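Novice: Take this structure first; my questions come after.
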Amino acid sequence: MATADGSHSGPNDHTDPLTESWMTRAILDQLPVALWVKDLAGRYLGCNQRFASAFGKPESEIVGMHDAEYHDESTAAAYDRQDRLAFSSGMPVTFEEDVTDTTTGRQMRWETTKMLVRDADGEPFAILGVGFDITDRDAVQNQLIAQTERFEAAERLASFGSFDEDVRTGVSEWTPGMYRIFGVDPELGRSGIEEALEKIHPDDRATVSNVVNTSYRTGEPFTIEHRILVDGDVRHVEARSEYDRDEHGQVIRAFGTTHDITDRVRSEQRAESFARLMDRASDAICIVDAGSGDVIDVNDKAVAHFGTPRTEMLQLKAWDIVEELTPSWWQDQVGSGRVPSILECTLLRSDGSAVPAEVTMELIDGVRPVVIAAARDITDRVERERAAREAADQYHGLIDGTIDGFALLDLTATIVDVNDRYCELTGWSRDELIGRRIDELDANSDPADVARRAARIAVKGGEVFETEQWHADGTTWPSEVSITYSPASGGRFFVFVRDLTDTRLAAQRWSTLLAGSVDGIVRVDRAGIIVEANDAYAALVGLSPDDVIGRSVADLDADTEHDELGPILDLIAATGSHRRDSRLRRSDGVMIPVELAITYSPAEGGQFFAFARDVTERREAERRIERLAYTDALTDLPNRTRFSQLLREAQTRADGGVVAVCYLDLDGFKQVNDRFGHEAGDVLLVQLGERLRRWQRRSDVVARIGGDEFVVLLTGASSPAEVELEAQRLVDVAAEPFVVEGHRFHLGATVGVTIYPDDDGDEDALLRHADQAMYRAKEAGKNTFVVYDPVAKTDVTRQRAAIAELESAVRDDELVLHYQPKIELETGRVVGVEALVRWQHTERGLLAPGVFLPLAEGSPLEFELGEWVVRTALRQLAAWRANGLDLTVAVNISPRHIARPEFADFLTTELGRHPDGLAASLELEILEASAEGRLDTVAALMRRIERLGVRFSLDDFGTGYSSLTYFNQLPISTLKIDQGFVRDLFASPNSLDIVEGVIDLAKAIRRPVVAEGVETFEVGLMLRRLGCQYAQGFGIARPMPADEIAPWVTAFASAPDWHDLSRNDLVLSPFGDLDVVKTMHERWSSSILAAVAARDRTAPAPPEAFQQWLAAPGARRYSGFGSFTDLRAHHQHLQARAEQLLEAERPQPDAESIVAFTSTAALVSETIARLAREARHQLD
């Protein structure tokens, strides 16, 4: 700034504006304009590479010098006057001047703009200069350029190009449009018919060549549509050509046009695809006129869902099928463009029934604006939410009634719920406790201790220990902690905490402890004889203290035999202490569950102190909590999960006997609900449950699986005929009238029956078949039953024909394997592939596995097909290894297949056909959901296979219902996260939490994780930050034939993005999502600056993942921080800056716009960093 004596402040008072941002420095050195900064005394503060090159000196020699040291006196004075004018006016000033490039000696004409730069306080501190080289600009050239640009613009608008070739000389002239259409660089000078033929798609080349040759011979013009390949992209063109001939009839000239019709062809293809997509969609889809509300098109699912023929549906209005819609609502909302994206509503069917639904709506503008609405039936979800609310009420009533503190933890040991007693014990409020990790409250444990204990408890089911816990006032208090694990809701730990303060104090006064302790206490000698007991222990066993003394503990401990007592005491003496659950035998024969804590003292020849705590109430509470997971909250009957377990057990025990499933649905129940309310309906369901409970025999099971649907498991029938008698009795029982609130209801029931082993499906299949039989009974007139006949299915013939065709395909080698690569995220290295079977059908083309694999399920063909896949994969694995390509191959295999003893023998034989060591490269994937329930059967066989060197992975982890107890019974080496969670990583907060939880769980149990469905670099980056080791998905590579794998691996080695994940600066942090969004932001900002440098007016859009993160996971995790609100605003501002920087009307961006963009980009980066600091501070 100017000083009092008129001089200027020194150059060191301000940093060089050109170096304040790494992004500014990097891009300005690449710009084709000269940039420099002087202080107000005329000394250079900095410049870019272009300015330094023109002056022939490096920036380091220019900084700190004046113009007079480089130029003659008059030139230096002129520059000084320009600087002063820029200073005095406060506005940018522009001059044209002659400049000599001292490096090349070239004379240049520059257009120079100088402007005043102010600091954050608004005070001037520097002059910024920008120089553009305008040497070659002149009017004639501009006119020629303008004419050329108009012609090229016309070609671009029409998407055509033309050519003219002298056949005699071979000289061909192409317009720019031809070069553009065929993707040829005009500078290379390659043009002509041969060049065009080289670009033709290989599948069209013969046809086009034939047309051209025929036209050349006959001299007749031709027009043809075909495809071309431009830089790997398939384009569609229409080619036209004519010929001139000389007086001898010889062709001397060929000329014509090529029209790019790609957009038209793709539009037609999209329209066809959209029509097919609609009819294949699982949701009911309607297209509605946005103005009138008329239904103008529907898919087959909508016709079936509403029960109305298509022609009649096209006569309806939107409000005829959606109860909540009205003509006025439609006009107000849709007419003004305010269409809700998701609407929960009630759909009206043609039979008068109403169905709760979730409707996704989108307004599509066009010549005729329409609303596309996709409706999904959410009846089951509504029922589940109601049942969940009831279960939650029972749960809170249970934990609030216990005498101990209670905390519910998730898999990360984070508190998700507590009772009032726990708040009282710790001195913190409920809100202060929820969200904290349990190790923050345990004075004796760190996070690693807690993680090890959680993994241990998840395996064995429970643990009891003593520890010190922190109080809110900074003191600690002793506690006894009892933890049990349940796999429900993704895994939960139930923690009961008892305050041991009084117990510890009383332990100092042994006699007082014996007299007043609520726990039973005994002192036992080395032979196991009780020498002292308190009243509490005597009360537990129903004896007086005197009667207890002198007895062996084996007389009173129901779980200890006399011959086991000596070794048990020896073990306790060696270890010093022992804890276990046991039962005390009361004098009246009743068994009392207790927790035993035993310590050993060598005093007096060795003695043991045993503390027995009555845990009857706690065990009951735990049983009630566990019962909630397997019992219907309304009727107290088993729920669907429990029924499936009991059905599976009944099938196992059947041994050729009859097991029947009866699927009962009340007729007319909906009308009761609609007319008298859900409360009356619930009373009626409870009455039916009690009635069925009285009706069932001792060996039968009655369960409610949802709504008005009940199932009955019959295991005592001697024949199918007896099952039919029981089914009729079931219909009769349900037909008896119900009385609810003084109203008498005659409903009746429809029953579907399936009988095992005639129907030899698994538990899911039996339920499904009984359900199908029930629907056939409804079609037959309701209030009756129908027995499922697997032989009489109407599609048996087609099913058998399809299976026979698939069997032939296996024999005729029509099946092929495609392989999808898998990479290591930490290194970017390709480590393996997954083998995926395809059917190369002779008529239908390449078929996906979902089309034909279900045909083989449960049949011998399933095993034949599985063995073919393994055999083929091993051959390919050996071939790759012989050629120096070291990969692992993962093969999907069903638990049914692994459970066959022959499979291990087959695998041993096949591995013996190949070189040693191949087994270590083979991985067998089993599906989590299909594995549950068969683990005990397959575990031993899997271990046998593992001994061969083959590894196992658990596929689609997170979607099934297997527990850690099951998981640890199997030799699983790898977890694979279901692709549904991975794809929604940025769009869904729940998916992000689930993926993060699975990865943390895998770390705790020391298993690597593979993420499926990785479709973008940003998702890969997030997974890398979360600690995921491996990934596969379309973003990396689609499945491909075996012969394409090796070239792909070679090409992938130079793919920059995925190898960027291996950079050392990608350090994992507690807030990995913030690291990722910062990286996404900086990559996008750099791409904008690169577009400026290349004079590319196409602005790269911000990553979709960044926008999704702001809207969903980011908002849920960080919306409470002020920096998150700032981040939204700064990001929107940055987008506006980018659009301004790349405005098409500007001949070139000015330096002020560039500086504004880079400053805002730096502000966004700093805001993300500040948000991370705020979140980390709260975590600490």
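The values are calculated or read from the model by the stated rules, or taken from the named source; none is laboratory data. On a predicted model such as this, the values are computed, not experimentally measured, just so you know. All Cβ positions, glycine included, derive from the backbone under ideal geometry; neighbour counts span all protein chains shown.
Novice: Taking segment 198-237, which residues are part of a helix (DSSP H, G or I) and closer than 25 Å to Arg266 by Cα?
Specialist: Glu198, Lys199, Pro202, Asp203, Asp204, Arg205, Ala206, Thr207, Val208, Ser209, Val211
Novice: Would you be able to tell me the number of residues in segment 85-103 that are over 19 Å from Ser74 (Cα atoms) and assigned to a helix (DSSP H, G or I)?
Specialist: Residues meeting the conditions: 3.
Novice: Considering each of Val837, Val833 in turn, give the residue that is within 30 Å of Glu1018 (Cα to Cα), in the same structural domain as Thr888 (by TED's automatic domain parsing), part of a strand (DSSP E or B) and free of Cβ contacts under 8 Å to residues at least 40 places away in the same chain. Break it down into steps so the answer makes sense when it comes.
Specialist: Working: Val833 fails: free of Cβ contacts under 8 Å to residues at least 40 places away in the same chain.
None of the others qualify; the one that does is Val837.
Novice: Conditions first: (1) within 28 Å of the chain's Cα centre (by Cα); (2) assigned to a loop (DSSP other than H, G, I, E, B). Arg376 passes all but one, so which condition is the exception?
Specialist: Result: Arg376 passes all but (2).
Novice: Would a scan of segment 672-694 turn up a residue that is at pLDDT 90 or above, out of contact with any Cys (no Cβ under 8 Å at 6 or more places or on another chain) and aromatic (Phe, Trp, Tyr)?
Specialist: Among the residues of segment 672-694, not one is at pLDDT 90 or above, out of contact with any Cys (no Cβ under 8 Å at 6 or more places or on another chain) and aromatic (Phe, Trp, Tyr), which makes the answer no.
Novice: Let me ask you something else. Anything in segment 686-700 that is within 15 Å of Val712 (Cβ to Cβ) and either aliphatic (A, V, I, L, M) or not in a helix (DSSP H, G or I) (or both)? List them, or say none.
Specialist: Initially, segment 686-700 is screened for residues within 15 Å of Val712 (Cβ to Cβ), giving 688-700.
Hits for segment 686-700 are Leu688, Leu692, Gln696, Arg697, Arg698, Ser699, Asp700.
Novice: Out of all the residues in segment 553-560, is one or more within 18 Å of Arg523 (Cα to Cα), among the small types (Gly, Ala, Ser) and modelled with pLDDT of 90 or more?
Specialist: no
Novice: Going residue by residue through segment 331-346, is there one that turns out to be over 35 Å from the mean Cα position of the chain (by Cα), closer than 14 Å to Asp289 by Cβ and in a helix (DSSP H, G or I)?
Specialist: yes
Novice: Only one of His305, His248 is over 19 Å from Pro369 (Cβ atoms) and either touching a Pro at 6+ places or on another chain (Cβ under 6 Å) or not assigned by TED's automatic domain parsing to the domain that holds Glu362 (or both); which?
Specialist: On the way: His305 fails: either touching a Pro at 6+ places or on another chain (Cβ under 6 Å) or not assigned by TED's automatic domain parsing to the domain that holds Glu362 (or both).
Within the list His305, His248, the selection yields His248.
Novice: Answer with yes or no whether Gly866 is out of contact with any Lys or Arg (no Cβ under 8 Å at 6 or more places or on another chain), among the small types (Gly, Ala, Ser) and outside any strand (DSSP E or B). Lay out the reasoning, then the answer.
Specialist: Details: out of contact with any Lys or Arg (no Cβ under 8 Å at 6 or more places or on another chain): yes; among the small types (Gly, Ala, Ser): yes; outside any strand (DSSP E or B): yes.
Yes: the conditions hold for Gly866.
Novice: When segment 712-734 is examined, which residues are found to be touching a residue at least 24 places away in the same chain (Cβ under 8 Å) and touching an Asp or Glu at 6+ places or on another chain (Cβ under 9 Å)?
Specialist: Val712, Leu713, Leu714, Thr715, Ala717, Pro720, Glu726, Ala734
Novice: Filtering segment 155-172 down to residues that are farther than 12 Å from Gly256 by Cβ and in a strand (DSSP E or B), which residue is modelled with the lowest pLDDT?
Specialist: Val171
Novice: Right, next: Could you please find all residues in segment 451-499 being over 18 Å from His578 (Cα atoms), of a type in the set (Asp, Glu) and assigned to a strand (DSSP E or B)?
Specialist: Glu468, Asp499
Novice: Turning to a different aspect of this structure: Select the helices (runs of 4 or more DSSP H) contained entirely in segment 578-680, then report the ones holding at least 2 residues which are closer than 25 Å to Lys778 by Cβ. Can you show your working first?
Specialist: Details: elements: 616-630, 640-654, 669-676.
Qualifying helices (runs of 4 or more DSSP H): 640-654, 669-676.
Novice: Just a yes or no: is a residue in segment 780-799 touching a Pro at 6+ places or on another chain (Cβ under 6 Å) and not β-branched (Val, Ile, Thr)?
Specialist: Within segment 780-799 (the criterion being touching a Pro at 6+ places or on another chain (Cβ under 6 Å) and not β-branched (Val, Ile, Thr)), the answer is no, since none of the residues qualifies.
Novice: With the requirement that a residue be β-branched (Val, Ile, Thr) and touching a residue at least 24 places away in the same chain (Cβ under 8 Å), what does segment 317-340 give you?
Specialist: Initially, segment 317-340 is screened for residues β-branched (Val, Ile, Thr), giving 321-322, 326, 334, 339.
Matches in segment 317-340: Ile321, Val322, Val334, Val339.
Novice: Here are some residues: Ser209, Ser267. Which one is of a type in the set (S, T, N, Q) and either surrounded by 12 or more Cβ atoms within 10 Å (Cβ to Cβ) or within 30 Å of Ser353 (Cα to Cα) (or both)?
Specialist: Result of the check over Ser209, Ser267: Ser209.
Novice: Looking at Ala1099, Ala1151, Ala1138, can you tell me which residue is buried (at least 20 other Cβ atoms within 10 Å of the Cβ) and either modelled with pLDDT under 75 or acidic (Asp, Glu) (or both)?
Specialist: Working: Ala1099 fails: buried (at least 20 other Cβ atoms within 10 Å of the Cβ); Ala1138 fails: either modelled with pLDDT under 75 or acidic (Asp, Glu) (or both).
Answer to the selection: Ala1151.
Novice: In this structure, does Ala879 turn out to be of a type in the set (Gly, Ala, Ser) and either at pLDDT 90 or above or within 27 Å of Ile977 (Cβ to Cβ) (or both)?
Specialist: Taking the combined requirement at face value, the residue satisfies it.
Novice: Let me ask you something else. Only residues that are in contact (Cβ under 8 Å) with a residue 60 or more places away in the chain, of a type in the set (A, V, I, L, M) and buried (at least 16 other Cβ atoms within 10 Å of the Cβ): list them for segment 859-898, please.
Specialist: Hits for segment 859-898 are Leu887, Val889, Ala890.
Novice: Another question about this same structure. Kindly provide the set of residues from segment 934-986 that are farther than 21 Å from Arg900 by Cβ, assigned to a helix (DSSP H, G or I) and modelled with pLDDT under 65, ordered by number.
Specialist: Scanning segment 934-986 gives Leu964, Thr965, Phe967.
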